[in-house]
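Right, one structure below, let's go through it.
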Amino acid sequence: MASSSAHATDWWDHLQRMDEVHPLPRIAATAGRALVVLSETYAAAMHRDLAAMATTGAEVMLIGGACDLDGIVRVPANAALRHALGGTRTSLNVRMAASWLEHCTPGHLITPSAQARWKAWADQVARPERYERQSMTDEAVIDFIEQSKGSHPGYSRTRLLRLLRDQGMACEQKRFADLYTATIGPR
């Protein structure tokens with residue numbers, strides 16, 4: 001996973017220079033349809049290809065993404081669907097895509113009736129997430145990591161973050177990872 005838009009763009013540009021790579025617009029035009037599932041970061045990195053796909057006349061569905069494009073039907077990531085779909089926010093777009101396919105008309109990726117079914121379903125099951133966790137200083141997070149690692153030496157970084165959050169404390173994932181690495185070292 002890229003850590004920034006620049007890294008994602010570099011990754012995508014590198015992939016496009018590899019042998020036997022088929023450009024997305026050509027794949028969509030050949031197949032007549034494409035389901036594309038992307039985070040905001042990767043969609044921004046692939047913007048030129050997505051814009052080109054939009055002009056192919058193919059049926060193109062984008063789950064997640066960074067912005068709307070004429071010629072592509074987009075369903076933005078929606079964390080309020082996480083309760084209904086399960087899992088983490090990191091994999092939410094993939095689960096949204098699977099659910100979209102369940103709402104599709106057989107043989108078609110995009111139809112007005114599928115869009116209406118999706119909207120009705122999403123409106124019915126959406127449950128905005130609200131956390132009332134207490135923020136922590138870096139020092140408090142480091143103390144938590146040191147104490148927890150001492151009492152739970154086999155716990156992964158991810159499991160320690162879950163433990164912290166289950167105790168009603170707040171810490172953003174990347175910040176926790178950085179503090180963990182500075183305290184314990186790389187995984």
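Taking amide H positions as placed in the peptide plane 1.01 Å from N, state which residues far from Ala34 in sequence (5 or more) or on other chains have amide H under 5 Å from it.
Glu59, Val60, Met61
Relative to the longest principal Cα axis of the chain, at what angle does helix 173-184 sit, 0 to 90 degrees, rounded to 10?
Relative to the chain, helix 173-184 is tipped by roughly 40 degrees.
Working out 0.36 nm times the residue gap between Ala182 and Ser91, then minus their Cα-Cα distance, what length gain in nm do you get to one decimal?
That works out to 30.1 nm of additional length.
Using each residue's phi in segment 49-59, evaluate 6.51 cos²θ - 1.76 cosθ + 1.60 at θ = phi - 60° and report the 3J(HN,Hα) Karplus result to the nearest Hz, with x for Gly and Pro.
5, 5, 4, 5, 4, 5, 9, 7, x, 6, 6
Quote the FRET efficiency, to the nearest 0.05, computed for His83 versus Glu40 with a Förster distance R0 of 22 Å and r equal to the Cβ-Cβ distance.
0.55
Treat each spin label as a single point 7 Å out from the Cα along the C-beta direction, and report the Glu172 to Thr111 distance in nm.
Spacing of the two 7 Å Cα→Cβ label points: 4.4 nm.
Give me the angle, in degrees from 0 to 90, between the Cα long axis of helix 5-17 and the longest principal axis of the Cα atoms of the chain, rounded to the nearest 10.
Roughly 50 degrees between the two axes.
Write down the accessible area per residue of segment 15-80 in Å², having rolled a 1.4 Å probe over the full set of protein chains.
Per residue, segment 15-80 has an accessible area of 53 Å².
Heavy atoms only, probe 1.4 Å: what % of the accessible area of the chain goes to carbon and sulfur, would you let me know?
Carbon-and-sulfur percentage of accessible area, whole number: 53.
Once you put a point 7 Å from the Cα of Glu102 and another 7 Å from the Cα of Gln147, both along the Cβ direction, what distance in nm separates them?
Between Glu102 and Gln147, the label points sit 4.1 nm apart.
May I have the extent of the alpha carbons of segment 1-82 along their three principal axes, as whole Å values ordered from largest to smallest?
Extents along the principal axes: 38, 29, 19 Å.
To the nearest 10 degrees, how steeply does helix 112-125 sit against the main Cα axis of the chain, on a 0 to 90 scale?
20
Got a sec? Which residues in segment 43-86 would a label at Ile27 touch, if it sits 7 Å along Cα→Cβ and we count backbone N under 12 Å?
50
Considering only protein heavy atoms, what is the solvent-accessible area of His47 at a probe of 1.4 Å, reported in Å² to the nearest 10?
Here the accessible area works out near 80 Å².
When only Cα pairs under 8 Å and 6 or more residues apart are kept, what is the percent relative contact order across segment 1-51?
Rounded, it is 50 percent for segment 1-51.
For segment 77-131, what is the largest minus smallest coordinate of the Cα atoms on each principal axis, given in angstrom and ordered from greatest to least?
That gives 39, 20, 13 Å along the principal axes, largest extent first.
Just to verify a number: FRET efficiency for Asp70 and Asp138, C-beta to C-beta distance, R0 = 41 Å, to 0.05?
0.35
The values are calculated or read from the model by the stated rules, or taken from the named source; none is laboratory data. Because the structure is a prediction, the values reported are computed rather than measured. A quick note on method: Cβ atoms are made from the backbone with ideal geometry, for glycine too, and the neighbour counts reach across all protein chains shown. Side chains included, ligands, DNA and RNA excluded: accessible areas come from the protein's heavy atoms. Shrake-Rupley method; radii C 1.70, N 1.55, O 1.52, S 1.80 Å.
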